[in-house]
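The values are calculated or read from the model by the stated rules, or taken from the named source; none is laboratory data. Keep in mind that what you see is a predicted model, and the values were worked out from it rather than measured. Please note: Cβ atoms are built from the backbone with ideal geometry, for glycine as well, and neighbour counts cover all protein chains shown.
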Amino acid sequence: MVNFGFIDEWHPTAGKLTSWRPAPESLSAARRAPAHPAPPSHQQEEYLRTTHRNANAGLRVSRVCMIAFTIPGAPDHAAMTRTVEAFLRRHDTFWSWFAITAAGRVQRRVLDPADIRMVPTEHGVYADSDAIRAHVLAETPGPLDWDCFGFGIIEHAESFTMYAAVDHLHTDGVAQALSCVDLLTLYGSELSGGSLIPAPVTGHIAYCERERRLSAELTAESPQIAVWLELLRRNGGDVPGFPVDLWVDDDEHVRGAQVTTVLIDEPGALRFEEVCRAHDGRFTGGLFAAAALAEIELAGGDWYFGLTPVNTRRTEGEAASVGWYTNLIPVAFPVGADQSFTHVVAAAQAAYDQGKDLTDVSLHRALQLAPPELGIRTRPGWTARMLSYLDIRKMAGVEMFDKIDGGMFANRGSSREVYIWVNRFDDVTTLSLLFPDTPRAHEVIGRYVTAMRTIVADVVANGDRAVRVGALP
C-alpha cells in the first residue's frame, strides 16, 4: 500500500544522510535571473501573497510536499547528482522564482536551466525518524526563495531511501507521484548509460499563460463566473468554512493538528459504492453526501457548500509534467431535514459533476470580478473548508509504489480551517483531517470524525441513513 499522509507519519529507518542542495553559483544565477512576462497561476499568486503577508507569523505558513521510496543496494552518489539535476532541468516550474515588487505585483524570474547545479552534503548518521524529519523540513526553504526544494538519501545496510521535498508552489498530488516515477527513471538511466527515457513534457509556464489568457476573457457576466458569485452570495458573501466555530480569529496563525483514521474497509467500500450507484450516485457523491449529513448533525442547516481540488492538466505534455496543476471547484446541494442518505447522494453526485464545469475557472478570478453591490466579503488571504477524494488504486505507478515502499507526505504548517482528505486504498479507505491545534478544534473534529464513520457504517449495514439535525452535542 502507498504510504500517504502527513510528514509526521513518515518513519524512515535510521542511517547516514546525504542531501543535495543548489550550488552557490546556481543561487547567484537565480538572483540575477531576468524577469519573465508570464504571471504565476492564480493559485500560485494567492499562495505567494499569503506567504509574503505572513512572513513574520512565527511558524511556516507554506506547505512542504515530500515523496520517499526505497531502492535496493548502495547508492551511486555521482549518478544521483546527475539525476536530481536532470529532474530540475526537465520541469520548468523549477526554473522560476517570484518576487513581490514594491508596487505589489508578483514578478516571475526565470533561470537558465543550464545554470542549475546540485551539490551533495554528507550529514552523518541520523539515529531516529524525528531527527530526519526535522532535518528535511529545516533544509527546505519557503516559496519566496528559488531553492524551495531539496533531495536526499538515507543509507541502510542493503538499501537506501531517497526523498524529495518540494514546496507546494511547484507540486501537487499528481506531481508527487510523477516525481517518484521521474526520479526512478532518471536514476536508472544514469546507471544504465541512458537507456531509460522519460516521457516528454510541456512546461508549467505555458500552463500559467493559458490559464491567464482564459481568465482575461471572463467578465462578471460570464456564465461560469455567475455560478461562483451566486454560490458565494447564497453563503453570506463568503467562501465556505467549517460550520462550527473553531474559535480561531481570521488573522490568527495556529499550528495545524492532524488526525488519520480508517473510514471503512474495502468490503464496506464496495457495499457503500453499491448503495450510491443504486441511487444515481458514485463513491465520490456518496462521500459528499456523508459529509453533508455529518455537518448537519454537528450544526444543522439545509445546504452543503464545499470546495474540492481537481487536476487541471489538459495536454499530452502536461500529463507527465511536474507543477501545481490544480484548481478548486464548488460542490453545493440542498439537504432537507426529512431526507436520508439515499435521497441526498444523487444531488451530491450531480453537484460534483456540475462543479467540474468550472475546472478552468478560478475562484480567485471570480472574486476579482465580483461587483461591490453583490456584498462579497471574502478578504485577501482567505482560507476555505476543503474535501479531497483520491482513489489511490487508480494512481499511475501504484504497483511500483508497493514494491519500493513509496510514500507521499506533507507538513502540517499552520491552519485556520479544516481540510479533509479521503484516500481509497486496496484494503481500506482512510479519513485524514488538518485543523487548528486548539482544544476547541480537537473536540469538534472528534465529533465530526465520529459522525462520518457512523454515517458511512450505517449506509453499509442498513443501506441508508436518515438526516439527524443537531444529533451530536
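Under the condition of being part of a loop (DSSP other than H, G, I, E, B) and touching a strand residue (DSSP E or B) at 6+ places or on another chain (Cβ under 7 Å), which residue from segment 195-254 is farthest from Glu373 (Cα to Cα)? Of everything passing the filter in segment 195-254, Val254 is farthest from Glu373 (Cα to Cα). Within segment 176-199, is there a residue that is crowded, with 20+ Cβ neighbours inside 10 Å, touching a residue at least 24 places away in the same chain (Cβ under 8 Å), farther than 27 Å from Ala14 by Cα and assigned by the TED database to the domain that holds Phe94? Looking through segment 176-199, none of the residues is crowded, with 20+ Cβ neighbours inside 10 Å, touching a residue at least 24 places away in the same chain (Cβ under 8 Å), farther than 27 Å from Ala14 by Cα and assigned by the TED database to the domain that holds Phe94.
Here is a check on your reading of the model: is Glu122 surrounded by fewer than 14 Cβ atoms within 10 Å (Cβ to Cβ), at pLDDT 95 or above and of a type outside the set (Lys, Arg)?
yes
Residues that are at pLDDT 95 or above, over 17 Å from the mean Cα position of the chain (by Cα) and not β-branched (Val, Ile, Thr) within segment 329-351 comprise Ala332, Phe333, Pro334, Ser340, Phe341, His343, Ala346, Ala347, Ala348, Gln349, Ala350, Ala351, listed in sequence order.
Each row is one residue, and each column tells you yes or no for (1) in contact (Cβ under 8 Å) with a residue 40 or more places away in the chain; (2) assigned by the TED database to the domain that holds Thr260; (3) on the phi > 0 side of the Ramachandran plot; (4) not hydrophobic (A, V, I, L, M, F, W, C).
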| position | (1), (2), (3), (4) |
| --- | --- |
| Asp402 | yes, no, no, yes |
| Ser415 | yes, yes, no, yes |
| Trp421 | no, yes, no, no |
| Arg424 | yes, yes, no, yes |
| Thr430 | yes, yes, no, yes |
| Pro436 | yes, yes, no, yes |
| Pro439 | no, yes, no, yes |
| Glu443 | no, yes, no, yes |
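Among the residues here, Asp405 does not qualify as within 14 Å of Val227 (Cβ to Cβ) and not in a strand (DSSP E or B). Restricting segment 408-431 to residues that are assigned to a strand (DSSP E or B) and of a type outside the set (A, V, I, L, M), the residue that is surrounded by the fewest Cβ atoms within 10 Å (Cβ to Cβ) is Thr430. For segment 447-466, the set of residues classified as more than 16 Å from Arg277 (Cα to Cα), out of contact with any Lys or Arg (no Cβ under 8 Å at 6 or more places or on another chain), touching a residue at least 40 places away in the same chain (Cβ under 8 Å) and assigned to a helix (DSSP H, G or I) consists of Arg447, Tyr448, Val449, Ala451, Met452, Arg453, Ala457, listed by residue number. Residues in segment 156-179 include at least one that is assigned to a loop (DSSP other than H, G, I, E, B) and within 18 Å of the chain's Cα centre (by Cα). When we screen Glu211, Glu221 for residues that are exposed (fewer than 14 other Cβ atoms within 10 Å of the Cβ) and among the acidic types (Asp, Glu), the only hit is Glu221. Scanning segment 432-459 for residues that are surrounded by 20 or more Cβ atoms within 10 Å (Cβ to Cβ) and more than 20 Å from Val259 (Cα to Cα) turns up just one, Val459.
Residues in segment 353-365 include none that are more than 30 Å from Gly381 (Cβ to Cβ) and not acidic (Asp, Glu).
Within segment 290-328, the set of residues being within 16 Å of Asn235 (Cα to Cα), at pLDDT 95 or above and of a type in the set (Val, Ile, Thr) is empty.
Can you say whether Ile392 is in contact with a helix residue (DSSP H, G or I) (Cβ under 8 Å, 6 or more places away or on another chain), of a type outside the set (Ser, Thr, Tyr), surrounded by 16 or more Cβ atoms within 10 Å (Cβ to Cβ) and not assigned by the TED database to the domain that holds Ala294, as far as the supplied structure shows? Here the answer is no, as Ile392 does not meet what is asked. Scoring Val227 on the criteria (1) closer than 23 Å to Leu431 by Cβ; (2) in contact with a Pro (Cβ under 8 Å, 6 or more places away or on another chain) leaves a single failure, condition (1). Return the residues of segment 1-37 that are aliphatic (A, V, I, L, M) and crowded, with 19+ Cβ neighbours inside 10 Å; say none if nothing qualifies. Answer for segment 1-37, where residues must be aliphatic (A, V, I, L, M) and crowded, with 19+ Cβ neighbours inside 10 Å: Val2, Ile7, Leu17, Ala30. Restricting attention to segment 74-91, the residues that are small (Gly, Ala, Ser), farther than 12 Å from Met162 by Cβ and in contact (Cβ under 8 Å) with a residue 12 or more places away in the chain add up to 2.
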